[in-house]
Amino acid sequence: MNKTNAMRHLDKEGVSYDVHEYSPSSGIDARSVAATLHEDIRRVYKTLVTRGRSQTLYVFVLPATSELDLKKAARCAKEKNMEMLPQKELLGRTGYVHGGCSPIGMKKPLKTFLDESAKEHETIFISGGKIGFQIEIRPMDLVEISGAEFADIKEENQ
């Protein structure tokens, strides 16, 4: 298996993780990934990249079945408002494509927030940095390696 930037970064830092490969033909949405991996969907997290009013980019990692609350996200980042980074800018800004964006190993380190629900799980699944790969990692290891902060970032009732 060819390692992704995310995996190489974890290896370099000596962080323990497991790689789970899945067929993208089964779908790349959270439900498909969880079903293919035979894992609890509540442990599958997605990585979203946003831009604040200051034009600073931020990363938010939250359960894949939840929606990011942009107002909460702006408050966490101390921004007036927040918008999703247009998909066409994702590769150039992060080095990752939509569906394969990992919070680890981006082109430049970005301020990262991990939804506090991750504390409920021993391990969570995040993108492995390429469609078809998921990394299983302890939430505290993700916080340490990415410099993330735990935050309440998902919309209510999710």
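In the stretch 82-97, how many residues are surrounded by 12 or more Cβ atoms within 10 Å (Cβ to Cβ) and within 12 Å of LEU57 (Cα to Cα)?
8
If you go through the stretch 51-97 one residue at a time, how many are of a type in the set (Gly, Ala, Ser) and assigned to a strand (DSSP E or B)?
Qualifying residue count for the region: 1.
Any idea which of (1) in contact (Cβ under 8 Å) with a residue 40 or more places away in the chain; (2) part of a strand (DSSP E or B); (3) surrounded by fewer than 18 Cβ atoms within 10 Å (Cβ to Cβ); (4) in contact with a Leu (Cβ under 9 Å, 6 or more places away or on another chain) is the one VAL19 doesn't satisfy?
VAL19 satisfies all of (1) in contact (Cβ under 8 Å) with a residue 40 or more places away in the chain; (2) part of a strand (DSSP E or B); (3) surrounded by fewer than 18 Cβ atoms within 10 Å (Cβ to Cβ); (4) in contact with a Leu (Cβ under 9 Å, 6 or more places away or on another chain) except (4).
Inspect the stretch 26-42 for any residue being open to solvent by less than 70 Å² (accessible area, probe 1.4 Å), acidic (Asp, Glu) and in contact (Cβ under 8 Å) with a residue 60 or more places away in the chain and give the result as yes or no.
Initial filter on the stretch 26-42 (open to solvent by less than 70 Å² (accessible area, probe 1.4 Å)): 26-27, 30, 32-37, 39-41.
So of that shortlist, the ones also acidic (Asp, Glu) come out as 39-40.
Going one step further and asking which of them are in contact (Cβ under 8 Å) with a residue 60 or more places away in the chain, we end up with 39.
Yes, some residue in the stretch 26-42 is open to solvent by less than 70 Å² (accessible area, probe 1.4 Å), acidic (Asp, Glu) and in contact (Cβ under 8 Å) with a residue 60 or more places away in the chain.
Quick one: which residue in LEU62, LEU68, LEU57, LEU48 is of a type in the set (A, V, I, L, M), open to solvent by less than 20 Å² (accessible area, probe 1.4 Å) and free of Cβ contacts under 8 Å to residues at least 60 places away in the same chain?
Checking each option against the conditions leaves just LEU57.
Take the residues of the stretch 148-158 that are assigned to a strand (DSSP E or B) and buried (at least 18 other Cβ atoms within 10 Å of the Cβ): which is modelled with the highest pLDDT?
Filtering the stretch 148-158 for residues that are assigned to a strand (DSSP E or B) and buried (at least 18 other Cβ atoms within 10 Å of the Cβ), the one modelled with the highest pLDDT comes out as ALA151.
Being out of contact with any strand residue (DSSP E or B) (no Cβ under 6 Å at 6 or more places or on another chain), free of Cβ contacts under 8 Å to residues at least 12 places away in the same chain and open to solvent by 90 Å² or more (accessible area, probe 1.4 Å) is the requirement here; does LYS78 meet it? If you could, list the steps in order and put the result at the bottom.
Details: out of contact with any strand residue (DSSP E or B) (no Cβ under 6 Å at 6 or more places or on another chain): yes; free of Cβ contacts under 8 Å to residues at least 12 places away in the same chain: yes; open to solvent by 90 Å² or more (accessible area, probe 1.4 Å): yes.
Considered against the rule, which asks whether it is out of contact with any strand residue (DSSP E or B) (no Cβ under 6 Å at 6 or more places or on another chain), free of Cβ contacts under 8 Å to residues at least 12 places away in the same chain and open to solvent by 90 Å² or more (accessible area, probe 1.4 Å), LYS78 comes out as yes.
Being in contact with a Pro (Cβ under 7 Å, 6 or more places away or on another chain) and modelled with pLDDT under 85 is the filter here, so list the residues in the stretch 19-54 that pass it.
None; the set is empty.
Name every residue in the stretch 122-147 that is open to solvent by less than 30 Å² (accessible area, probe 1.4 Å), among the hydrophobic types (A, V, I, L, M, F, W, C) and either assigned to a helix (DSSP H, G or I) or touching a Pro at 6+ places or on another chain (Cβ under 7 Å) (or both), in order of residue number.
If the condition is that a residue be open to solvent by less than 30 Å² (accessible area, probe 1.4 Å), among the hydrophobic types (A, V, I, L, M, F, W, C) and either assigned to a helix (DSSP H, G or I) or touching a Pro at 6+ places or on another chain (Cβ under 7 Å) (or both), then ILE124, ILE126, LEU142, VAL143 are the ones that fit.
Is at least one residue of the stretch 98-114 open to solvent by less than 30 Å² (accessible area, probe 1.4 Å), assigned to a loop (DSSP other than H, G, I, E, B) and more than 24 Å from THR4 (Cα to Cα)?
no
The values are calculated or read from the model by the stated rules, or taken from the named source; none is laboratory data. For clarity, every value in this text was computed on a predicted model and none was experimentally measured. Cβ: placed from backbone, ideal geometry, glycine included. Neighbour counts: every protein chain shown. Ligands, DNA and RNA are stripped out before the accessible areas are found, and what is left, the full protein with its side chains, is counted by its heavy atoms. Shrake-Rupley method; radii C 1.70, N 1.55, O 1.52, S 1.80 Å.
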